[in-house]
Amino acid sequence: MISVESLHVEFGIKPLFTDASFVVNDRDRIALVGKNGAGKSTLLKILCGIQQPTSGVVSIPNDTTIGYLPQVMILQDDTTVREEAQKAFADITKMKERIDHMNQQLAERTDYESADYMALVEKFTQEHERYMMMGAENYEAEIERTLTGLGFLRTDFERPTSEFSGGWRMRIELAKILLQKPDVLLLDEPTNHLDIESIQWLEQFLAQSAKAVVLVSHDRAFINNVSNRTLEISCGRIIDYKVKYDEYVTLRKERREQQLRAYENQQKEIIEMRQFIERFRYQATKAVQVQQKIKQLEKIVPIEIDEVDNSSMHLKFPPCLRSGDYPIICEDVAKSYGSHTVFSAVNLTIKRGEKVAFVGKNGEGKSTLVKCIMGEIPFEGKLKVGHNIQIGYFAQNQAQLLDESLTVFQTIDNVAKGDIRLKINDILGAFMFGGEESDKKVKVLSGGERSRLAMIRLLLEPVNLLILDEPTNHLDMASKDVLKEAIRAFDGTAIVVSHDREFLDGLVTKVYEFGGGKVKEHLGGIYDFLQAKEIRELNELEITVRTGQTASPLPSDQKSVADGLKEDKPSSTKNTSYAEHKERQKQLRKAEKAVEQSERKISDMERRLKELDDLLMKPENASNMEFVTEYTSTKKALDEEVERWEKLSEELDILSN
């Protein structure tokens, strides 16, 4: 479908990538991966013809259609949702108008025997058959199925698009592209504005209905469920792996290890040849052998090793003050806008140290409740923020609120206070803004770079309650991994609003589901929540059937919410394995907690031993038996705790594997 040969792209004197060649075939599901700024979005623009390469050829057959969804679009506001979606069928609409016009002519004319009339009949028949073959009679049903799959309600179809947020209007554009059924879909971060259920619907659509797909996404679960091939842009090269993302990660590691071994063997061979040449260069009896070695050396082609971009975001939240036992308590909290109730009777308690997720469709009130907690909007009911709480807040639009006229350095320098100002360059370097990068203007930064810059602002002051509203949008996978580990290691409490299943997996221990004006609590991780949700829906379906009510058949593209989960996630039809999985997860969390508690004890005892050491070094305390006794007992307790920690760590490793 698309053939790329010897593609070369430069910005200034630095090449973005060189000598790239690959082919996009029918039924390919290509994940385009690489760090932020590697050139993923640029390559998509080149494939769809928006941007031209410095050199090279992109060949696309004349009859091949391409649908392109960029990260940012200029959207129209003069139609309803349905009318905007119908634009995808503009050709079919024109065809129907032509058929209706010919039908009217056939009804009005009476010259049935004339050649002109017979030609009109033949043309009408051909056009009508073509119209029916295109499935044109069902396009309204397709529009409804696609819009509802992407999260719209049927009551939304007649609403003006101007009433929707930018994220929802992006969904309309995505719906139009999917409805056009292009030969090649180019999707740049399509999941950024979708909730979990819409992402899973899109996964099913791309797997079952799309012809060829090239997508950029930082949602690891999404690209792994969709892809069957991976193109990596790394350090100026494009490498083609004929496998899905998870397998690519393994193959890439193995490939580099093989290259390293081959490189080391080649270097050893080169050294031996040079040593032979130097040793026997001036001996006449070895002249022929020396010349052979020199020729062999000249013919050696150096083995190249794939460069690994080791730059990553080193994120560490500073130590925080101990908060009260219950940072957030909601009692009958409600929020309405006029006659529209966002949610009501919200009762929840978040304990100190908990990591919880807010999930649900867009518009169900996740960000609204966050704003209530932050005191940004009025609400009904009682919402108590606990004692000694210091909140760090990362909003969805945080990156867009940055002053575009400032440089990266100025952005941080303006908010940094005290001694932290002396470390600004170190902090920027840890977030991949080292050297000349810190002099860039904010207006030229990519979405991912802006998100990283906004995240730095969050780190400048110690907090004990993190509220992160879609923190992973525009972050690359390496950055998301580091952020995830930092939140897991965070001493305080965290509320994470996210649709990224992979990011939430193993991070949160409680899920709050927003929907239908209510907030429901689910204990366990994100996959426990999805599994429980599937079982509940199936039970409700069975109850409906037993009571004799007519149940509408579920469309094939609206499978259960657990489709696309990891292979090792339990199936709802295997209740025993699910129970075992849940018990194993419970044991794993318990083991992790025991290891963390043991590590804290060891840290506290080591700190106390150092304090006692310093005290006993002073002459006046040399004979203080109280200090000596405490030192001895603490040392003994430390040794015992270290042994206990080793045993707990072994148990944790067994459970993890």
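The values are calculated or read from the model by the stated rules, or taken from the named source; none is laboratory data. All figures in this text were calculated on a predicted structure; none of them were measured in a lab. Every residue, glycine among them, receives a Cβ derived from its backbone with ideal geometry; neighbour counts consider all protein chains shown. These area figures cover heavy atoms from the full protein model, side chains too; ligands, DNA and RNA do not enter into them. Shrake-Rupley method; radii C 1.70, N 1.55, O 1.52, S 1.80 Å.
Using a 7 Å offset from Cα along Cα-Cβ at VAL58, what residues in the range 204-237 end up with backbone N under 19 Å from the label point?
211-217, 230-234, 236-237
Near GLN51, within a Cβ-to-Cβ distance under 15 Å, what is the net charge of the other residues, with Lys and Arg +1 and Asp and Glu -1?
It works out to a net charge of 0.
Sort the range 588-657 into rounded, prolate or oblate with this rule: let a ≥ b ≥ c be the square roots of the eigenvalues of the Cα gyration tensor; rounded if a/c is under 1.5, and if a/c is not under 1.5, prolate when a/b is larger than b/c, oblate otherwise.
Cα axes put the range 588-657 in the prolate bin.
Quick one: grab the alpha carbon gyration tensor of the range 327-456, order the square roots of its eigenvalues as a ≥ b ≥ c, and give me rounded if a/c is under 1.5, else prolate or oblate depending on whether a/b is larger than b/c.
Prolate.
Using 1/(1 + (r/R0)^6) with R0 = 41 angstrom and r between the beta carbons of VAL243 and GLN267, what's the FRET efficiency to the nearest 0.05?
In this case the efficiency is close to 0.85.
Could you list the chymotrypsin sites (Phe, Trp or Tyr not before Pro) in the range 96-151 that lie in coil according to DSSP, counting only those with at most 11 other Cβ atoms within 10 Å of their Cβ?
TYR112
Using a cut-off of 13 Å between beta-carbons, work out the net charge of the residues near ARG274 (Lys and Arg +1, Asp and Glu -1, ARG274 not included).
Once all neighbours under 13 Å are counted, the net charge is 0.
Residues with beta-carbon under 12 Å from that of TYR326, excluding TYR326: net charge, scoring Lys, Arg +1 and Asp, Glu -1?
0
For the range 595-657, build the charge dipole from Cβ charges (+1 Lys, Arg; -1 Asp, Glu) around the Cα centre, then report which of LEU655, MET617, THR634 sits farthest towards its positive end.
MET617
Listed here are the pairs LYS417/LYS601; LYS253/LYS440; LYS351/LYS518; LYS441/LYS484; LYS176/LYS441; which of them are more than 24 Å apart at the Cα?
From the list (LYS417/LYS601; LYS253/LYS440; LYS351/LYS518; LYS441/LYS484; LYS176/LYS441), the Cα-Cα distance tops 24 Å for LYS417/LYS601; LYS253/LYS440; LYS441/LYS484; LYS176/LYS441.
Report in % the part of the accessible area of the range 355-465 that belongs to carbon and sulfur, leaving out ligands and nucleic acids; probe 1.4 Å.
45
Note the full-extension length gain between MET617 and ARG154 as 0.36 nm times their separation in residues minus their Cα-Cα distance, in nm to one decimal.
159.0 nm
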